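A.B. asks: Have a look at this one before I ask anything.
The values are calculated or read from the model by the stated rules, or taken from the named source; none is laboratory data. Just so you know, these numbers come straight off a predicted model, no measurement behind them. Don't worry about glycine lacking a Cβ; one is built from the backbone with ideal geometry, like all the others, and counts go over all protein chains shown. These area figures cover heavy atoms from the full protein model, side chains too; ligands, DNA and RNA do not enter into them. Shrake-Rupley method; radii C 1.70, N 1.55, O 1.52, S 1.80 Å.
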Amino acid sequence: MSSLAASLALPSATGPFVGRAELLTALRAELAKPYALVVLTGEAGVGKTRLVAEVLADSPVPVIVAHCDDLREPQPLGPLLDGLRLTRPLVDGPPLDPDADRARLLRAMATLLRDRGPLVVALEDLQMADPATRELVDHLAAHPVPGLTVLITMRESPSARPLPAAVRRLPVTPLGRDEVAALATALLIPLDTAAATHDRFVTHLYERTAGIPFLVEEVVRSLVTDGDVEQFRRHPDGAVPALLRDVLQGRLSHLGDTVREILGAAAAIGPAADPHPIAVVLGAGEHTVAAALAQARDAGLLHERDGRLWFRHTLARQVVYELVPPGTRRLLHLRAARLLEEQKPRPVARLAHHYRLAGSPADHVRNAEAAADLAAAQRDDATAARFLLATTVYPDLPRPVRVRLAVKLGRSAIESVAQTDAIPVLRRLLADRRLPPGARGDLGLALGRMLRQQGDAREGYDEIERAVPYLRQHDRRARALAVLSAPDTVVGRHVTAHQRLCAEAAAEAALSGDPSARLAVLIAQLSLALETGDPDAEAAITAALADGTFAGYPRERARACLNWAQGALHTDRTDVAAGLLDTGRRLVDDADYERLRPVVELTAFGLDLAAGRHDGLAERLLHFLARPYRLPLAMADARLHLARLRRDEAGLRAVVAEATRVGAVWPLVPARTALADLLISSGRAEEGRAEARAALDLVAGKGLPAWGTEATRLLQH
C-alpha cells in the first residue's frame, strides 16, 4: 500500500489547487532525500494541510498521519501512537528514571519508525502536541532516521517553543491576487459567467478574504449556492472572521432549524460529527441526526475522513459553535460530559473541557486534577501543569482544595515550561496568612526553585530560605538547605553562612535516612570545598566517584560531576574541570539525561573559552541562546561567554546590569572582571580599574578569594 489511501487520511481535497508551485517543488525535493524534517507554518485556513495532501497524493511510500489535539487524554506521543495504531507499550520492563524514561521512549519510537520505513509521517497541528511529541521532533533532528520524512504543520505564535535548526521551515503565505482570481475562476464555473471574475470582483474578493484559501472557497461556494456574486459586499470592515461568520450563517439558513441545531451540537461535542453522541445529547433519533449531517456534508460544511464526518476546518467549527446561544452551549457541554461519564476508562481530559465550558467548577476541578495526576504519572509535567493551571481561576474553591492543587502545580511546573504561569499563582497563595505551615513550606520551596530556574537568583534564594522552617520532612529540608549552601548563587551571603547551611543540611539528611538526600548534601559539600580552594577537594571527589557512593544513582553522579566541573572552572582549575566534564558527559550520554545536556554544553563553552578553543564557539553559543526554554538559568552565563569571546563591551555591560538586578553573584564577578580587562586593554585604565575593584568587593563579600585572582592581577598591572 502507498499514499494517503493506506493511512489515517488527511482531509480530502474539496476544491481546486492553485498556485504554490515553489512550495510543491521544495516539498518534493525534500521527499526525494534519504531523510527530511520539514515544517509548514502559517495562519489558520492558509492551506498547510491541503499542501501536504497534495504533495503526498502520489507518495511512493506509506504515509502515517498524526493529528495533534489539545483535548487528548494525557499520553506521551499520543498522536504518533494513534497514527501507527500501536496496541502494546513501546517500553517494557520496570519503571525507569524520569529523564531516562522519556529519552528511551523517544529512542523506541525512532526505532519503530525506522523499522517501518521508508515512511512519511505527516504531523498535523504541532502547536497542540504533547511535550513528548515536540521532544520527538527535537530527537529526530539530532538523530536522523534513514528512510523517514516528517512533514509538520503548525501555527506559530511568539510564545511557541522554537524548532531545532535542522528542521527546514517553509512558510505558507496567503494567496496573491492572481492566485485568488484563478481559484475563484475554477470555483465559479458552475455559474457559467465570465463576468463573475472581472477585475473589480477579484480585487474585492482578494481584499475581503485576505488571500486565505479556505475563506476564498467558502465565500465563492456561497456565491455558487445563492447565485449572488455581490453578496459578500455586505462586510464594510472586511474582517476575515466576520466575513466567514456571515458566509456560513447564510449557508446554514438554507438547511433548516433541525440541521442547524444538530450542527451546533456537533460543534460543541468535538471536531468529529458522529451521529450517536449528538443524538444522545439532543435526545433525537440517530437516523434524524445522520440525515441532517448528510445534508451538512452535501452543503460543504462537513467532509469525510476515515469513514467519519468532520468539520471542514477548525474555523468553520468555531463559527458554527459561536452561533449557538451561550445558554444552549453550556447545556450541550453539560450533556456531553454526562455522556462521557459513562465511558470506561473515564476520558478525564475531555470531561474537564466540557465541565469547564458548562460552567460547573467542582466537576471541572475534579476531572482536571485527575487528568493532571494521569499526566504526572506518565512523567508529562507540562501537561499536568496545564490542567492544574486551568483550575486556578476559581477563587471560591475550599482552601484545602486550592492548597492541594497548588502543591501539585508547584511540583509539576518546576520541571515544565509552565513556570511563568505558575509563579503568580503560588505567590498569591503564599500571601494568604491562613495557609497551613506544611503547605507554606512546600509551596515556598517550589516557588523558590522556579524563580531560581528562571534566573531570579536573589528572589528565589530568599523564597527557599523562608520556606525551610515550614518544611516538615527531613529529606526535603536537607535538599532545600543544600541548595542554599551553594555560594555561587546570590550576593549578600558570606561563605561562612553557606558553610553553616551545609552543616545543617547534613544533619537533616542524617535524620532522614534517605540516601538520595545524603548524596545531595555530599554534592553541596564538595562544591563548597572547590569554591573555597580546599586542597583536599580533588582527592575527596576522586574517592567519591571511585567507591560505591553513587551506586544506583547514575543521575546524581552525572549532576555531581557537572556541578563540580563548574566549581573547578570558577577557581581556574581547568584540568580538574575538564576531567569532571568528560565523566559527566559520558554519564549523560549513556543514560540519555536530556535535562542535563544544556549543563554539559554550558560547561563545555566555559572550558573552550578558557583554553582558547574559539573555532565555531560563537555559533554554538548563539544556537544555545536561541533555545532559552531548555535552561533559562544558564542564559546569563552563555551571554557572558559570547560577550567575552567577541570582546563586546555592550554585551558585558548588559550581563553586569542583569546580574545586578537579579542579585546573581555568578556571572556578576566574571562579567565585571572581563569588562575591566576589556577597558584596560583599550586604553580606558581608570574605568577598567573601577570595574576590577567592584569585582573584588563582591569577592570580599563572599569571602572567596579564589574568585578574584584575575581582578587582582588587573589591578597590579
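A.B. asks: Does any residue in the stretch 354-374 that is on the phi < 0 side of the Ramachandran plot come within less than 6 Å, Cβ to Cβ, of a residue that is open to solvent by 20 Å² or more (accessible area, probe 1.4 Å) and in a helix (DSSP H, G or I) six or more places away or on a different chain, and which pairs are these?
C.D. replies: Qualifying pairs under 6 Å: Tyr355/Asp363; Ala358/Arg330; Ala358/Leu334; His364/Arg356; Ala368/Ala390.
A.B. asks: Still on this structure, I have one more. Of all the residues that make up the stretch 271-281, how many are in a helix (DSSP H, G or I), over 16 Å from Asp257 (Cα atoms) and free of Cβ contacts under 8 Å to residues at least 60 places away in the same chain?
C.D. replies: 4
A.B. asks: Oh, and also: Check every one of the helices (runs of 4 or more DSSP H) wholly within the stretch 408-504 and list those with 1 or more residues that are of a type in the set (S, T, N, Q).
C.D. replies: So the answer is 419-430, 437-453.
A.B. asks: OK, next. For the stretch 307-395, give me every one of the helices (runs of 4 or more DSSP H) that falls completely inside it and has 2 or more residues that are within 30 Å of Leu215 (Cβ to Cβ) and open to solvent by 30 Å² or more (accessible area, probe 1.4 Å).
C.D. replies: Counting at least 2 such residues, we get 314-322, 326-340, 348-358.
A.B. asks: What are the residues in the stretch 538-573 that are hydroxyl-bearing (Ser, Thr, Tyr) and touching a helix residue (DSSP H, G or I) at 6+ places or on another chain (Cβ under 8 Å), if any?
C.D. replies: Thr549, Tyr553, Thr571
A.B. asks: Right, something else. Going by what's in this entry, would Leu56 be described as at pLDDT 85 or above and more than 24 Å from Ala372 (Cβ to Cβ)?
C.D. replies: Considered against the rule, which asks whether it is at pLDDT 85 or above and more than 24 Å from Ala372 (Cβ to Cβ), Leu56 comes out as yes.
A.B. asks: I would also like to ask the following. Is there a residue in the stretch 282-293 that is out of contact with any Phe, Trp or Tyr (no Cβ under 6 Å at 6 or more places or on another chain), charged (D, E, K, R), open to solvent by 30 Å² or more (accessible area, probe 1.4 Å) and part of a helix (DSSP H, G or I)?
C.D. replies: yes
A.B. asks: Okay, moving on. Tell me whether the stretch 428-441 contains one or more residues that are under 30 Å from Ala129 (Cβ atoms) and either among the acidic types (Asp, Glu) or under 20 Å from the mean Cα position of the chain (by Cα) (or both).
C.D. replies: no
A.B. asks: Filter the stretch 136-149 down to the residues that are touching a helix residue (DSSP H, G or I) at 6+ places or on another chain (Cβ under 6 Å) and either assigned to a helix (DSSP H, G or I) or at positive phi (or both) and list them by number.
C.D. replies: Correct list: Leu136, His139.
A.B. asks: Please list, ordered by first then second residue, the pairs with beta carbon atoms under 7 Å, 6 or more apart or interchain, first in the stretch 574-587 and hydrophobic (A, V, I, L, M, F, W, C), second open to solvent by 30 Å² or more (accessible area, probe 1.4 Å) and assigned to a helix (DSSP H, G or I).
C.D. replies: Final answer for the pair search is Val576/Glu538; Ala577/Leu569; Leu587/Pro554; Leu587/Arg557.
A.B. asks: Surrounded by fewer than 20 Cβ atoms within 10 Å (Cβ to Cβ), of a type outside the set (Phe, Trp, Tyr), assigned to a loop (DSSP other than H, G, I, E, B) and in contact (Cβ under 8 Å) with a residue 24 or more places away in the chain: does that describe His623?
C.D. replies: Considered against the rule, which asks whether it is surrounded by fewer than 20 Cβ atoms within 10 Å (Cβ to Cβ), of a type outside the set (Phe, Trp, Tyr), assigned to a loop (DSSP other than H, G, I, E, B) and in contact (Cβ under 8 Å) with a residue 24 or more places away in the chain, His623 comes out as no.
A.B. asks: Of all residues in the stretch 118-129, how many are acidic (Asp, Glu) and either open to solvent by less than 20 Å² (accessible area, probe 1.4 Å) or assigned to a helix (DSSP H, G or I) (or both)?
C.D. replies: 1
A.B. asks: Does the stretch 453-479 hold any residues that are in contact (Cβ under 8 Å) with a residue 40 or more places away in the chain and either open to solvent by 40 Å² or more (accessible area, probe 1.4 Å) or charged (D, E, K, R) (or both), and which are they?
C.D. replies: Gln453, Gln454, Asp456, Arg458, Glu459, His474, Asp475, Arg479
A.B. asks: Given the residues Ala482, Ala565, which is the only one that is open to solvent by less than 40 Å² (accessible area, probe 1.4 Å) and under 22 Å from Phe605 (Cα atoms)?
C.D. replies: Unique residue meeting the criteria: Ala565.
A.B. asks: Are any of the residues in the stretch 527-539 under 21 Å from Leu580 (Cα atoms), open to solvent by 30 Å² or more (accessible area, probe 1.4 Å) and part of a helix (DSSP H, G or I)?
C.D. replies: Among the residues of the stretch 527-539, at least one is under 21 Å from Leu580 (Cα atoms), open to solvent by 30 Å² or more (accessible area, probe 1.4 Å) and part of a helix (DSSP H, G or I), which makes the answer yes.
A.B. asks: Say we look at the stretch 515-541 and pick out the residues that are of a type in the set (Val, Ile, Thr) and touching a residue at least 40 places away in the same chain (Cβ under 8 Å); which of these is nearest to Pro705 (Cα to Cα)?
C.D. replies: The residue in question is Thr532.
A.B. asks: To continue, here is another question. Considering only the stretch 108-117, state which residues are assigned to a helix (DSSP H, G or I) and either of a type outside the set (Lys, Arg) or within 19 Å of Arg597 (Cα to Cα) (or both).
C.D. replies: Selection gives Ala108, Met109, Ala110, Thr111, Leu112, Leu113, Asp115.
A.B. asks: If I filter the stretch 596-614 for residues that are of a type outside the set (D, E, K, R), open to solvent by 50 Å² or more (accessible area, probe 1.4 Å) and either assigned to a helix (DSSP H, G or I) or touching a Gly at 6+ places or on another chain (Cβ under 8 Å) (or both), do I get at least one hit?
C.D. replies: Yes, because at least one residue in the stretch 596-614 is of a type outside the set (D, E, K, R), open to solvent by 50 Å² or more (accessible area, probe 1.4 Å) and either assigned to a helix (DSSP H, G or I) or touching a Gly at 6+ places or on another chain (Cβ under 8 Å) (or both).
A.B. asks: Scan the stretch 505-514 and give yes if some residue there is surrounded by fewer than 18 Cβ atoms within 10 Å (Cβ to Cβ), without any contact (Cβ under 8 Å) to a residue 60 or more places away in the chain and either touching a helix residue (DSSP H, G or I) at 6+ places or on another chain (Cβ under 6 Å) or closer than 23 Å to Asp637 by Cα (or both), otherwise no.
C.D. replies: Looking for residues that are surrounded by fewer than 18 Cβ atoms within 10 Å (Cβ to Cβ), without any contact (Cβ under 8 Å) to a residue 60 or more places away in the chain and either touching a helix residue (DSSP H, G or I) at 6+ places or on another chain (Cβ under 6 Å) or closer than 23 Å to Asp637 by Cα (or both), one finds at least one in the stretch 505-514, hence yes.
A.B. asks: For residues that are open to solvent by 70 Å² or more (accessible area, probe 1.4 Å) and of a type in the set (D, E, K, R), tally how many sit in the stretch 138-167.
C.D. replies: 2
Conditions tested, residue by residue: (1) under 25 Å from Leu188 (Cβ atoms); (2) at pLDDT 85 or above; (3) not in a loop (DSSP other than H, G, I, E, B).
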position	(1), (2), (3)
Thr14	yes, no, no
Leu23	yes, yes, yes
Leu27	no, yes, yes
Val46	yes, yes, no
Leu51	yes, yes, yes
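A.B. asks: Could you list, ordered by first residue, the pairs with Cβ atoms under 7 Å in which the first is in the stretch 406-434 and closer than 11 Å to Leu451 by Cα and the second is open to solvent by 10 Å² or more (accessible area, probe 1.4 Å) and of a type in the set (D, E, K, R), at least 6 apart or interchain?
C.D. replies: Ile414/Arg449
A.B. asks: So Asp380 clears everything in (1) among the acidic types (Asp, Glu); (2) at pLDDT 90 or above; (3) touching a Pro at 6+ places or on another chain (Cβ under 6 Å) except one condition, right? Which one?
C.D. replies: (2)
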